[in-house]
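Engineer: First, the structure itself, so that you have it in front of you.
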Number of protein chains: 2
Amino acid sequence: MYGLIVKMVASPGKREELISLLLQGTEEMPGCLSYVIANDPADDDGIWITEVWDDKASHDASLSLPGVKKTLAAARPMIAAFNPPVVTTPVGGRGLPAAKHAN
Amino acid sequence: MYGLIVKMVASPGKREELISLLLQGTEEMPGCLSYVIANDPADDDGIWITEVWDDKASHDASLSLPGVKKTLAAARPMIAAFNPPVVTTPVGGRGLPAAKHAN
């Protein structure tokens with residue numbers, strides 16, 4: 001599996017709108033096992049995104065999906081900054097499709 | 001919802017054993033919506049844990065569950081350090097129980 005932990009900073013006052021957009025844009029992404037969007041309670045503009053994919057190729061391919069491209073284009077003006085993502089190698093746990101536990 | 005993003009550092013050579021233990025210890029935790037354990041590919045001893053709970057009370061209560069207490073006691077000698085956790089307020093996404101999307 002392939003994971004990402006990213007802190008994004010919304011443009012001032014735009015966090016809620018940006019999150020609504022991101023939630024819509026994550027509905028159809030082949031190979032995406034988990035994609036959790038969270039507010040940062042310590043930063044009014046902060047958003048944490050934690051992602052689990054079956055592999056890096058699925059993540060990379062998702063960036064070319066028409067729905068994702070459209071979402072990113074609409075989101076870009078509302079994003080003030082991306083912190084450098086942490087890349088992880090998820091090994092298991094709860095909230096991942098059951099089939100993955102057996103692999 | 002209540003979330004945590006934590007980097008844990010295993011004692012040298014103990015990461016795999018520690019992760020196996022943590023995976024067993026996360027099977028029965030009421031209110032736990034997602035609990036993903038991942039290796040840090042940039043740090044041989046690094047482990048990332050990302051958690052989503054229905055609320056903070058469920059997380060706090062989990063620390064008193066007999067199974068979790070037993071796991072933590074067994075894990076402690078294999079943990080070299082905990083980085084300060086990031087607390088988040090998850091708002092939605094994939095990999096969370098469907099009922100939570102409607103709330």
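Engineer: Check region B:81-101 and report whether any residue there is basic (K, R), within 23 Å of A:C32 (Cα to Cα) and outside any strand (DSSP E or B).
Structural biologist: Checked region B:81-101: at least one residue is basic (K, R), within 23 Å of A:C32 (Cα to Cα) and outside any strand (DSSP E or B).
Engineer: Let me ask something else about it. Would it be correct to say that B:P66 is more than 9 Å from chain A (Cβ to nearest Cβ) and in contact (Cβ under 8 Å) with a residue 40 or more places away in the chain?
Structural biologist: no
Engineer: So how many residues does region A:4-53 have that are out of contact with any Leu (no Cβ under 9 Å at 6 or more places or on another chain) and among the β-branched types (V, I, T)?
Structural biologist: 5
Engineer: Spot the failing condition for B:V91; the list is (1) farther than 23 Å from B:E16 by Cβ; (2) surrounded by 15 or more Cβ atoms within 10 Å (Cβ to Cβ); (3) without any contact (Cβ under 8 Å) to a residue 40 or more places away in the chain, and only one is missed.
Structural biologist: (3)
Engineer: What number goes with the only condition from (1) crowded, with 19+ Cβ neighbours inside 10 Å; (2) modelled with pLDDT of 95 or more that B:K56 does not pass?
Structural biologist: (1)
Engineer: In addition: Counting only residues that are touching a residue at least 12 places away in the same chain (Cβ under 8 Å), within 11 Å of chain A (Cβ to nearest Cβ) and either in contact with a His (Cβ under 7 Å, 6 or more places away or on another chain) or outside any loop (DSSP other than H, G, I, E, B) (or both), how many does region B:19-60 have?
Structural biologist: Residues flagged as touching a residue at least 12 places away in the same chain (Cβ under 8 Å), within 11 Å of chain A (Cβ to nearest Cβ) and either in contact with a His (Cβ under 7 Å, 6 or more places away or on another chain) or outside any loop (DSSP other than H, G, I, E, B) (or both) within region B:19-60 amount to 22.
Engineer: Which residues, counting only those in region B:56-76, are of a type in the set (G, A, S) and out of contact with any helix residue (DSSP H, G or I) (no Cβ under 9 Å at 6 or more places or on another chain)?
Structural biologist: Listed by number, the residues that qualify are B:A57, B:S58, B:A61, B:S64, B:A73.
Engineer: Moving on to the next point. For region B:8-38, give me each residue that is surrounded by 16 or more Cβ atoms within 10 Å (Cβ to Cβ), in contact with a Gly (Cβ under 7 Å, 6 or more places away or on another chain) and not hydroxyl-bearing (S, T, Y).
Structural biologist: B:V9, B:L23, B:G25, B:L33, B:V36, B:I37, B:A38
The values are calculated or read from the model by the stated rules, or taken from the named source; none is laboratory data. Remember, it's a predicted structure, so these values are computed and weren't measured experimentally. Neighbour counts are summed over all protein chains in view; Cβ atoms, including those assigned to glycine, are modelled from backbone coordinates with ideal geometry.
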